[in-house]
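Since the structure comes first, as structure tokens, the remarks are kept for the end.
The values are calculated or read from the model by the stated rules, or taken from the named source; none is laboratory data. What you are looking at is a predicted structure, and each value in this text was computed from that prediction instead of being measured. Virtual Cβ from ideal backbone geometry, glycine too; neighbours counted across all protein chains shown. The area values use the complete protein model at the heavy-atom level, side chains included, leaving out ligands, DNA and RNA. Shrake-Rupley method; radii C 1.70, N 1.55, O 1.52, S 1.80 Å.
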Amino acid sequence: MVVHEEGEIMQTEQEQDPTMGLSKCKGGHLACVDCRVERPGNQRQCQKCECGGGFDVRNTAVDSVLSSVRVECPHEGCGLYVTYHKLADHQSVCPLAPCKCPVPICGYEGPPPAHYHHISTAHPMPVHRIQYGKVLQLQVPLSEPRLLLFAEEDCRAFFLVGGVLDIGAPIAVSVICIRAGASPLPHYLAKLWANGPPGEPKGTIDAVKVEMEVTSSKDPGDVDVQELTFLTVPPELVAGAKLVSLHIQIDMLTS
């Protein structure tokens, strides 16, 4: 346990958690909340007092000491100190919580910003940089419609994944943000559309478009498809080509 040094600025909640700390009986004997809750009903009375009695009085002095104890998040690069009993809650939403590589069989796990370098050097998957609010045009191979998008603004990695169920079936494409699934703001909104070959006679281009809230996951290669929204590109829009022309815009939502 790492105790925060006096005078260092804390980026955490200061209030005490009413479900944590110590209580005492009228005789001054102490019991923690977990012990009081987990013991059978007939043993929740103080066993040291002659007349028994419950642990009904909060020990504010000890609570004050416990609330001043901070531990550092163990995730690489985070460095945030939180009240020790809130560490698990923080780790579940930490923006630097380790995430799995989306490439099947690969056992790599690391913070989201590290996936850009990992995939660039360890896998043949295409990697593209994207700016929030701007359209990026992509040529995605129908044989393996997977690639990584990296936003430098907040070092966020997005996994674009798709597939074709059968010959002549449409291609379905979606986007997953590589981060803890319960992450707080910001959230992300993606707009995807696909253009077909120029039509006749006026050079018009058929298109399909979808707007979706981006799903977040620490295991992007194993997300339930029912949790995703897909852009479905009909076969006639690719006209036998090996590539599909996709446009994507990702917006960062802070409220």
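Some points to look at:
- Candidate set: the stretch 131-154, residues that are in a strand (DSSP E or B) and under 20 Å from residue 106 (Cα atoms); chosen: the one most open to solvent (accessible area, probe 1.4 Å): 146
- Of the set (1) open to solvent by 20 Å² or more (accessible area, probe 1.4 Å); (2) in contact with a Gly (Cβ under 8 Å, 6 or more places away or on another chain), all apply to residue 128 but (2).
- Unique residue being at pLDDT below 90, closer than 18 Å to residue 148 by Cα, assigned to a strand (DSSP E or B) and not polar (S, T, N, Q) when the list is 180, 172, 190, 207: 172
- Count - residues of the stretch 130-163 that are in contact with a helix residue (DSSP H, G or I) (Cβ under 9 Å, 6 or more places away or on another chain) and modelled with pLDDT under 85: 1
- Of all the criteria given as (1) surrounded by fewer than 18 Cβ atoms within 10 Å (Cβ to Cβ); (2) out of contact with any Ser or Thr (no Cβ under 9 Å at 6 or more places or on another chain); (3) in contact (Cβ under 8 Å) with a residue 40 or more places away in the chain; (4) part of a helix (DSSP H, G or I), the one not satisfied by residue 86 is (2).
- Scanning the stretch 91-127 for residues that are part of a helix (DSSP H, G or I) and without any contact (Cβ under 8 Å) to a residue 40 or more places away in the chain yields 91, 114, 117, 118, 119, 120, 121, 122.
- Long-range neighbours under 8 Å by Cβ, at least six apart or interchain, first residue over 20 Å from residue 171 (Cβ atoms) and hydroxyl-bearing (Ser, Thr, Tyr) within the stretch 128-145, second open to solvent by less than 40 Å² (accessible area, probe 1.4 Å) and modelled with pLDDT of 85 or more: 132/151; 132/250; 132/251
- Of all residues in the stretch 218-248 being in contact with a Phe, Trp or Tyr (Cβ under 9 Å, 6 or more places away or on another chain) and part of a strand (DSSP E or B), the one that is most open to solvent (accessible area, probe 1.4 Å): 247
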